[in-house]
Amino acid sequence: MRGVGAGRHLIAFVKAPRLGTVKTRLAADLGALAALRFYRATSARLLRRLGRDPRWTLWLAVTPDRLAHAARLWPVGARVLSQGGGDLGARMARALRRVPPGPAIVIGSDVPEITPPLIARGFAALGRNDAVFGPALDGGYWLVGLSARARGLDPFAGVRWSSPHALADTLANFAPSRRVALIDALDDIDTIADYDRWRGRS
């Protein structure tokens with residue numbers, strides 16, 4: 001993937017695309033094969049779209065760890081990290097620590113409407129703030145970023161993941177002196193209702 005990114009790091013959290021292991025809530029209604037096809041197509045398009053942009057360096061944080069270096073699964077030249085163990089917060093904190101110095105943003109790979117202008121908006125917000133979030137419509141978030149000066153923070157303790165409280169819990173971990181920005185809200189595609197809303201918009 002091209003681009004040195006001027007010290008900006010974009011970390012996409014991805015799952016190895018295997019039948020029965022991705023988008024399991026969506027698969028309950030759509031079927032495991034259709035859910036796999038959706039995830040594989042969505043993540044491939046997203047990585048192509050974001051990996052071409054020279055304004056940042058794209059990293060893939062992969063689970064399961066044993067497939068992080070299965071070259072056949074990932075774009076040629078991709079910078080790949082294993083996510084490691086723990087809950088989502090522990091894995092995001094680990095990924096944010098492992099990339100080189102500079103502002104860093106983490107995104108999910110199951111949000112079809114992520115675009116380079118939205119990522120650029122997130123990095124621009126980090127020029128003036130310690131952290132930035134892209135809210136998800138379910139109460140979580142599709143993007144979280146920390147500025148270079150705030151990279152030592154770990155705002156993910158005690159967060160109720162996969163709940164309507166995830167964003168509020170994370171924001172509550174920041175001291176009042178910290179500046180936090182919000183950018184556009186997007187839909188995570190986790191359920192058939194999310195999928196139908198996205199299909200209607202597309």
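The values are calculated or read from the model by the stated rules, or taken from the named source; none is laboratory data. Quantities reported herein were computed from a predicted structural model and do not represent experimental measurements. Neighbour counts are summed over all protein chains in view; Cβ atoms, including those assigned to glycine, are modelled from backbone coordinates with ideal geometry.
Numbers below:
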{"item": "Pair list, Cβ < 6 Å and 6+ apart or interchain, from segment 31-48 residues that are over 18 Å from W142 (Cα atoms) to residues that are loosely packed, with under 15 Cβ neighbours inside 10 Å", "result": "A32/L19; A32/G20; L36/L19"}
{"item": "Failed item, numbered, when L33 is tested on (1) of a type outside the set (D, E, K, R); (2) modelled with pLDDT of 95 or more; (3) more than 24 Å from P101 (Cα to Cα); (4) not in a helix (DSSP H, G or I)", "result": "(4)"}
{"item": "Condition check for D138: among the acidic types (D, E) and farther than 30 Å from A41 by Cβ", "result": "no"}
{"item": "Matching option when the condition is among the aliphatic types (A, V, I, L, M) and surrounded by fewer than 17 Cβ atoms within 10 Å (Cβ to Cβ), among A150, A166, A175", "result": "A175"}
{"item": "Hits in segment 124-147 - residues which are under 14 Å from the mean Cα position of the chain (by Cα) and not in a loop (DSSP other than H, G, I, E, B)", "result": "V132, F133, G134, P135, A136, Y141, W142, L143, V144, G145, L146"}
{"item": "Selection from segment 4-40 of residues that are under 16 Å from W74 (Cα atoms) and hydroxyl-bearing (S, T, Y)", "result": "Y39"}
{"item": "Condition met for A27 (at pLDDT below 95, outside any loop (DSSP other than H, G, I, E, B), closer than 29 Å to W198 by Cα and out of contact with any His (no Cβ under 7 Å at 6 or more places or on another chain))", "result": "yes"}
{"item": "Among the residues listed as V144, V111, V132, V99, the single one being of a type in the set (A, V, I, L, M, F, W, C), closer than 29 Å to A35 by Cβ and modelled with pLDDT of 95 or more", "result": "V144"}
{"item": "Filtered residues of segment 124-139 (kept if in contact with a strand residue (DSSP E or B) (Cβ under 9 Å, 6 or more places away or on another chain) and among the charged types (D, E, K, R))", "result": "R128, D130"}
{"item": "Number of positions in segment 148-187 that are assigned to a helix (DSSP H, G or I) and among the small types (G, A, S)", "result": "5"}
{"item": "In segment 188-197, the residues that are closer than 27 Å to A131 by Cβ and not in a loop (DSSP other than H, G, I, E, B)", "result": "D194"}
{"item": "Residue check, G77 loosely packed, with under 14 Cβ neighbours inside 10 Å and not in a strand (DSSP E or B)", "result": "yes"}
